[in-house]
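What follows is a set of notes on a single structure, which appears directly below.
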Amino acid sequence: MDPEDLIYDWNLAGGKIEPAWTPVQLADETLRDGLQSPSVVSPTIEQKLELLRLMAALKIDIADIGLPGAGPHVEKQVERLARAIVEERLSIKAYCAARTVAADILPIVRVSQKVGLSIEVATFIGSSPIRQYTEGWDLPKMVKLTQDAVKLGVANGLPVNYVTEDTTRARPADLQALYGAAIQAGASRICVCDTVGHATPEGVESLIHFMLGIVEKENPDVRIDWHGHQDRGLSIPNSVRALKAGAQRVHACGLGVGERVGNTPMDQLLVNLQLLGWIDRDLSMLAEYVRKVSRYTQVPIPDSYPVIGRDAFRTGTGVHAAAIIKAREKGHDWLADRVYSGVPAGIFGLRQIIEVGPMSGESNVLCWLEEHGVEATSDCVKAVFRAAKESNHILSEQEILAVVAALGDGAVKPEPVQV
């Protein structure tokens with residue numbers, strides 16, 4: 001049967017949505033903005049290099065490699081990361097964050113010149129009324145800081161991305177003044193930020209359309225970035241809406257690490273863009289990328305985390321397992337990977353896993369025993385099934401094998417298959 005006949009896709013019922021610009025571009029903030037979470041442990045430089053290589057393997061376009069203006073130790077690490085891109089010929093570009101002050105921008109210039117790598121300057125300033133009031137800023141001063149910062153980066157031959165924090169709560173007139181000044185000073189990119197996770201998808205679309213109007217007026221060649229946070233749990237739909245509305249590049253972090261509840265999760269963004277058909281790339285390294293972000297920052301992956309979480313493709317429910325087993329018996333890996341999963345595990349180098357627990361049927365037990373190289377005799381299946389029904393949790397491998405061993409040594413094959 002044609003696979004398209006097996007799934008009616010309501011996502012396409014109103015017509016397929018497309019990004020306004022192709023190819024979609026991705027910026028990885030894991031090594032800078034992601035490390036602002038109060039719960040993370042900062043990775044070593046060797047671990048950062050490993051993550052940078054994984055970003056390149058996932059075809060991520062550009063990575064934030066730090067804010068060298070924070071001090072000599074940070075500048076040294078930024079230089080190491082930039083040098084690795086050059087020497088290893090990694091297929092990823094680099095940018096660095098900087099406040100709108102010369103003290104932050106000049107270290108980026110130094111690293112760029114030492115290493116021989118063009119590094120995008122992402123110079124930022126707050127923009128919302130609440131931030132202006134708190135800081136005691138006035139708009140003319142902010143415009144002057146913006147102009148000076150952008151001109152300094154451009155004068156040193158570097159591309160400049162002008163960023164305003166808290167854009168999603170800023171006045172239109174202020175945004176017109178700030179971004180207009182930045183573009184006139186030579187910024188080739190502008191970035192709008194949902195710094196506190198305030199925006200809804202509708203708000204994102206309105207803001208991006210407003211920014212497109214500024215760009216059209218000042219310089220149509222300028223490109224727009226979107227940077228979102230997770231405070232309302234809307235960072236993925238917001239990022240998709242930003243791309244649909246006209247942004248060319250979106251920012252995210254591995255595992256969604258970042259301040260408060262975190263940034264847009266890069267891994268979930270990649271998954272959704274792949275399933276939408278907006279990107280087409282090998283994502284078999286995605287699990288390794290997320291697991292290493294988790295290990296190196298010491299931020300745990302929740303069991304229920306999409307795609308990479310322990311339970312993402314794991315079931316102990318009898319009805320679900322039976323359907324997967326029947327699909328496998330039909331000889332269709334494609335079918336088995338989708339009959340009870342909206343996200344196919346195989347795309348990401350993973351597989352559906354059938355466990356045994358109190359909600360399991362005998363089919364779970366039979367499948368588990370066969371996959372683990374255990375002879376599935378009638379007595380063995382019944383014994384494990386009984387143990388599962390008497391438990392309050394998914395049985396571990398050790399628990400199941402203990403039940404099998406209690407029936408006699410002959411139940412277990414000499415060389416069990418590990419899966």
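Relative to the longest principal axis of the Cα atoms of the chain, the long axis of helix 266-276 lies at roughly 80 degrees. For trypsin sites (Lys or Arg not before Pro), the sites in the stretch 3-78 that DSSP calls loop and that have at most 10 other Cβ atoms within 10 Å are K16.
Taking a straight line from the alpha carbon of K93, these lysines sit under 19 Å away, with near neighbours fewer than eight places off in the same chain left out: K48, K59, K76, K114. I'd like the orientation of helix 362-371 relative to the chain: the angle between its Cα long axis and the longest Cα principal axis, in ° from 0 to 90, rounded to 10. Result, in degrees: 80. Report summary: the helix-based calculation at 222 nm, which adds -39500 (n - 2.57) for every DSSP H run with n ≥ 4 and divides by the residues of the chain, gives -13500 deg cm²/dmol.
The HN-Hα couplings worked out from phi for the stretch 292-304 by the Karplus form 6.51 cos²θ - 1.76 cosθ + 1.60 (θ = phi - 60°) are 6, 4, 4, 5, 7, 9, 6, 9, x, 8, x, 4, 8 Hz, whole numbers, x standing for Gly and Pro.
Here's the list of lysines a cross-link from K16 could span, going by alpha-carbon distance under 19 Å and ignoring same-chain residues fewer than 8 apart: K244. Taking amide hydrogens as placed 1.01 Å from N in the peptide plane, the amide H of G258 sits under 5 Å from those of S37, N263, each at least 5 positions away in sequence or on another chain.
Can you work out the FRET efficiency for the pair V261 and E375, with r the C-beta to C-beta distance and R0 = 45 Å, to the nearest 0.05? Walk me through the numbers before you get to the answer.
Details: r = 49 Å, r/R0 = 1.08.
It comes to 0.40.
Cβ under 15 Å from A102's Cβ, A102 left aside: what net charge do those residues give with Lys, Arg +1 and Asp, Glu -1? Let's see the in-between values first.
Working: positive: R99, R110, K144, K151; negative: E75, D104, D148.
Once all neighbours under 15 Å are counted, the net charge is +1.
Charged neighbours of R314, selected by a Cβ distance under 15 Å, balance to -4 (K, R count +1; D, E count -1). In this rough spin-label picture, where each label sits 7 Å from Cα along the Cβ direction, the Q398-R295 distance is 2.2 nm. Report the paramagnetic label zone for D333: residues of the stretch 353-379 whose backbone N is under 15 Å from a point 7 Å from Cα along the Cα-to-Cβ axis. Correct set: 353. Applying a DSSP loop filter and a limit of 15 other Cβ atoms within 10 Å to the trypsin sites (Lys or Arg not before Pro) in the stretch 78-121 leaves R89. With both labels modelled 7 Å from their Cα along Cα-to-Cβ, the R314 to E46 distance reads 3.0 nm.
Please report the net charge: other residues with Cβ closer than 14 Å to the Cβ of H209, K and R +1, D and E -1. Working shown, then result.
Details: positive: K217, R241, K244; negative: E202, E205, E216.
It works out to a net charge of 0.
Whole-Hz Karplus values for the stretch 251-260 come out as 9, 6, 10, x, 6, x, 5, x, 4, 6 Hz, taken residue by residue from phi with 6.51 cos²θ - 1.76 cosθ + 1.60 and θ = phi - 60°; glycine and proline positions read x. Considering the chain, its Cα convex hull presents a mean projected area of 23.7 nm². Applying 1/(1 + (r/R0)^6) with R0 = 25 Å to the Cβ-Cβ distance of K114 and E88 gives a FRET efficiency near 0.90.
Run the numbers for E288 and Q176: contour at 0.36 nm per residue of separation, minus the present Cα-Cα distance, in nm. Walk me through the numbers before you get to the answer.
Details: separation 112, 0.36 × 112 = 40.32 nm, distance 4.22 nm.
In short, 36.1 nm is gained.
For the stretch 216-233, 3J(HN,Hα) computed residue by residue from phi via the Karplus equation (6.51, -1.76, 1.60; θ = phi - 60°) reads 4, 6, 8, 5, x, 7, 6, 9, 10, 9, 10, 10, x, 10, 9, 4, 9, x Hz, glycine and proline entered as x. Once backbone amide H atoms are built at 1.01 Å from N, C191 has Y162, V163, T164, D225 as its partners under 5 Å, excluding neighbours fewer than 5 places away on the same chain. Within the chain, antiparallel bridges make up roughly 5 percent of the DSSP beta bridges whose residues both belong there.
For the stretch 65-166, which GluC sites (Glu not before Pro) are in a loop by DSSP, counting at most 13 other Cβ atoms within 10 Å? Walk me through the intermediate numbers first.
On the way: sites: E75, E79, E87, E88, E120, E135, E165; in loops: E88.
Passing sites in the stretch 65-166 are E88.
If you model the stretch 242-328 as an ellipsoid using its alpha carbon gyration tensor, with each semi-axis the square root of five times an eigenvalue, the axes come out at 27, 19, 12 Å, biggest first.
Of all lysines in the structure, the ones whose alpha carbon falls short of 16 Å from that of K141, not counting any fewer than 8 places away in one chain, are K151.
Every number here is computed from the coordinates shown, using simple stated rules; none is lab data. Predicted, not measured: the structure shown is a model, and the values here were computed from it. Using ideal geometry, Cβ is built from the backbone for each residue, glycine included, and neighbour counts are taken over all protein chains shown.
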